[in-house]
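This report refers to the structure that appears directly beneath it.
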Amino acid sequence: MEYSAIFWWTTLWLLFWGVVGSIFTRRVYLRKDLDTSNSILVGSMVGAAFGPVGLVPLWLKTPEISRKLILIPAFVSVGIMMIAFALADPQNNCVSNGSFVASQITNGLIIGIIYGLMALGLTLIFSILGIVSFSHGEFYMIGGMLVYYSTVVWFPGLHPVIGVLIACLLTFMLGAVFERLFLTPLYDGRIDRPVEYGILITFGLAFTLQYFVQAVGGANPVKAKRFFDFPRIRLPDKADPWLIKTSRGNMELFDTISISNPRFVASVISIMVLLGLLYFLYRTWTGKALRAVSQDRDAATIAGINPHHMNMLAFAMGGMIAALSGATLVQAFSWLPQVGMIPAMRSFVIVVLGGLGSLPGAFIGGIIIGLVEAAGTGCVPDPQKASSYIPAYGMIVLTLTLLLRPTGLLGRRFASGTHGKL
Amino acid sequence: MGKIKIIIPRILITILVIFASIQAYAASCPIKIGGLAPLSAPGSVTGGEAMREAMLLAERDINAKGGVLGCDIEVVITDTEGLPEKAAAMMQKLITQDGVVAVGGGYHSSVGVASKDVANSRGIPVVFAETWNDTITGDMQKYIFRIAPLSSWASGVIWKFAAQAPGVKYVAIVTENTDYGIPAAKECVEGLGSKGISSITFGVDIGTQDFAGIVERVKAERPDYTIVLLTGEAGFNYAQQAADAGFGPQDTMFHANQAGLESKAWWENVPDGNLAFMARIGVPETMYSDSALKLAADYKANTGKDGIESYALEAYDSIGVIAQAINEAGSTDGDAIVTALENISHDGVLGRIYFPYGSKKSPSEDGKGSEWWHQWPDPAITMVQYQKEGEPSNTMTIVYPEVYKTGDPIYVD
C-alpha cells in the first residue's frame, strides 16, 4: 500500500466516531425513554459516516429509527472506506483495473447466491425445529457425490441435471427418515436437554455420512463433468466480440467480466431453485404452514397445522437444499468426503449474520459474505495473505454485525427455538 | 544319582531358555514398520493411497524373500491427513501403541517437520519418502533420513525450467502456506530473480476449494508463466478453475503440482489440464531397473492405473531400505539401525540408495549445507508434460533436463 497512513487514519477515525456514536446514542435514547433496540447500530453508523456533524443532530432530535436512518450512513461509511483505500493504494487492481473489479464482483455475487442457498436450508431447519444441524455440510457433500456417482459411475452418460434430481430426491428421503427416527424424541419430552441432543445427534449423522462415503467410495477427489458447455458465441461480430465471447468453459462479457461455466450454471440453478422455494413458502398452503410454524408453533397448531409434519418437512427440505448446493458445485470443485466442512462453517456464519431463523436474512447474508470474500481476496494488497484470510473476512463482518446488532441483519429479537415441541 | 541331580536342572534350564527364546521370538514377530501417508483430506489423498499401495507391496515382496531377521514384517500404515498436528500424534501412536521399530513413507513436508522430533526423541529411525522441506534433514537429527529430493533442489528444477522457457519475464507463483509451499516458493523467487526474472507469490491455505478470486488476481498480473505449488486436491481445484477462467494450462505456460501425475485423477478433476508441466522424481519408465519394472507391473495390476507415480516408488523404497538396514544391523535397536543405514547400499526401485553424510562424515566436509545430512543425493528429477488429452502419466513427454528428454515441450503463447 503506497500511502497506508491515509487508509489507517481513516479507519481509526471511523472506528472512533463509530464507538462514540454507539455508546452515547443508546444513552441519549434511554434518557428520553425511547426505543433503544437499534440505537447502537444507528449511533455507530452515523458516527462512522458523519462524525460529530451527524451525531449531534441525532442526539438532539432523536428521530424514530428507520431503515433509511441505518442504511444511508452505512453506505456512506463503506464509501468513505473505499475512497480512503483508493487514495492509499492507487495501483491496486481493485482501484485501477475496472475489468478486474467487475469480475470480482460477479464472482462474489455468484458464489454468494450459492452460499445463500445452502444457508437457507440451515436456517429453515433452525426456524422450525430450533436446532442447528451439524450435518448440513455432509448433506452438501452427499448431494455432490450422488451427482458424481449417478452420472459417472452408476449410469455413465446420464445427464447431470437428472443426477441433480436424483440427489435431491434421495437426500430429501434421507432427511425425512433421519428426522423420524432420531429427532422425534425432541418433541415429546423424552429428552431433558433438547439443544444438546440436537447438536449431538446431527454431529453423529455428519460423522456417519462422512465415513460411510469414505468407506464405500474412497477418499480420492472426484468431479462431475460440466453440466452444459457454453455454445460458441461471438457478439456483436466475430472480429470484435466486445459484447459477449464464450468458450466451452468461460464467458466474457463486455471484454471485462469473466464468468466460469460451472459457477454460472450453478448460480442459475440456484436462482431457479430459490424462486421455486420462495413460491413454495409464500404461495402454497404447505409453505405458509411451514412459515406459520416457524413464527408461532402454538398458533399454527390451533389453526390446524400438524407441527410434526412440518418438522419432518423442514429437516428434509433443509438437507435437500444443502445437497442441491453441493450437486450444482460438484462440477466446479474436486469432491471429497470432507468437502462439506468449510461450506458448513460458512453457512453457520451466514445464518448468524443474516439473523437466526430469517430466510431472507440467510440469502442476503450469503451474498454479503460472497462479496466480502471476493473483495478481500482481490483487494488486500499483500498477495501472500489475501487468499489465506478468506475465512477471516466473513468472521470480521459477522463480529461487527453482532456487536452492533446482536440479532443479525434480519433476525427476530425474541426468536427462540422451541425444539419442535408444541 | 549325583549326576542326575546335576543334569536334570541343566535340562530344565535349557528347556526354559529355549521356551523363553521362542517366547521372545514370537513376541517380536512380525517386525512392525510404520508407514505415514495422507489418506483423508485435507491431505493429498490421491498421493497417500498410491503410497499405501506401494508400502503394502514392499511388505509383500520383503516377506516373500524371507522377511527380516527371520520374521515377517508388518507395515502399519497410518493416516496423517497432511496435517502436522495429526502427524505428530500418529508418530507417537506408531511408536508407543503399535510398537514399530522404524518408520517409512511421509508425503507432506509439514508432516515430516512435525513428526521427526517425536521419532528422534524416542530413538526410532525414520526414512522419509516424499517430504521435501530442507529442514527435515537440516536439523541433523540422528534418527532422521530421507530419500526424497531436497526442496531447494526440486524447486531448482522447477524455476530453471521456467527460466529457460521462451519469453518468460514475469512469473506468478501460487503456493500453499505450508512447510512445503513456503520455502519452495521462496526458492523459486530467488532462483528466478537470479536470472533477472521477476515474480509475484500468492499464498493460500491448504484445503482451499474456491480459487476464483485468486485466479482473477493472477490473471490481472498477466504473468508469462504460472507455477502452482499446491498439493493434492487444491492443486486440481486451482488448475481447473484457472482453465475455466481462461488462464489454465492451455492458455498460459503452467506448472502444476506432481499430484497431477496420477493421470486418472488429473483428467477427471482437470479435464482442461492438457499441456501442464509437472516435476517427476525418478528416471523415466524406459530406464527402470528390473525390480522397478516388476513393481510397476504389480502396482498397475493392483490399482488398475496406467503407471506408477514417483511418490509410490519412494514409499516402496523407504520400506525396503529400512528392512535391509534391520537385517544388516541384526537387531531392531534404533541405534543399530541408524548405523546400518549410514553404511547402507540398497538397490531400490529408484536406484542405488545410500547416505554419504552422517555421523561418519559431516556435509560441511564437502562444503555442503546441513540439509545433506542423511540425505540420499541421487534422486533424478525431470520435468514432464501432458501433450495429449487423457494421456496416461507414464507416456508423458519428458521435456527437461536434456539427459532424460523424450520430446520438445509445447509452450503456450
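Computed values, structure above
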| read-out | value |
| --- | --- |
| Percent antiparallel among DSSP beta bridges (both partners in the protein assembly as shown, rounded to 5) | 40 |
| Average Cα contact separation per residue, chain A, under 8 Å, 6 or more apart, as relative contact order % | 25 |
| Chain B: DSSP helices with Cα axial extent of at least 18 Å and average Kyte-Doolittle hydropathy no lower than -0.5 | B:2-28, B:45-64, B:109-121, B:151-164, B:181-194, B:290-303, B:310-329 |
| Kirkwood Rh and Cα Rg combined as Rg over Rh, evaluated for the protein assembly as shown | 1.04 |
| The range A:4-90 - charge dipole about Cα centre, Lys and Arg +1 at Cβ, Asp and Glu -1, debye rounded to 20 | 260 |
| Value at 222 nm in deg cm²/dmol, rounded to 500, when DSSP H runs of n ≥ 4 in chain A each add -39,500 (n - 2.57) | -22000 deg cm²/dmol |
| Average other protein chain Cβ within 10 Å of Cβ, residues A:385-392 | 5 |
| Fewest-first ranking of A:Phe315, A:Phe7, using other Cβ atoms within 10 Å as the exposure measure | A:Phe7, A:Phe315 |
| Principal axis dimensions, chain B - Cα atoms, whole angstrom, descending | 101, 45, 38 |
| Total charge dipole magnitude, the range B:113-256, about the Cα centre, Cβ charges on Lys, Arg, Asp, Glu only, Debye to nearest 20 | 440 |
| Peptides ranked, highest mean first, by Cβ atoms within 10 Å: ranges A:35-43, A:182-190 | A:35-43, A:182-190 |
| Positive-end residue, the protein assembly as shown charge dipole about Cα centroid, Cβ charges, pick of B:Ile206, A:Pro383, A:Trp17 | A:Trp17 |
| Residue-averaged beta-carbon neighbours from other chains (10 angstrom radius) around B:33-43 | 2 |
| Contact order normalised by residue count of chain B, Cα under 8 Å, 6+ apart, percent | 17 |
| Value of relative contact order over the range B:105-153, rounded to a whole percent, pairs C-alpha under 8 Å and six or more apart | 39 |
| The range A:209-330, dipole about Cα centre (Lys/Arg Cβ +1, Asp/Glu Cβ -1), debye to the nearest 20 | 280 |
| Separation of the A:Phe24 and B:Ser291 label points, Cα + 7 Å toward Cβ, nm | 8.1 |
| For the range B:287-397, with +1 on Lys and Arg beta carbons and -1 on Asp and Glu, the positive-most of B:Asn343, B:Ser310, B:Ala329 along the dipole | B:Ser310 |
| Dipole of the protein assembly as shown, positive end: most advanced residue of B:Val127, A:Ile128, B:Met396 [Cβ charges, Cα centre] | A:Ile128 |
| For residues of B:215-224, the mean tally of beta carbons on other chains within 10 Å | 5 |
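Just so you know, all these numbers are worked out from the coordinates, no wet-lab data involved. Keep in mind the model is a prediction, meaning the values are calculated, not measured. Glycine gets a Cβ as well: all are built from the backbone with ideal geometry, and neighbour counts include every protein chain shown.
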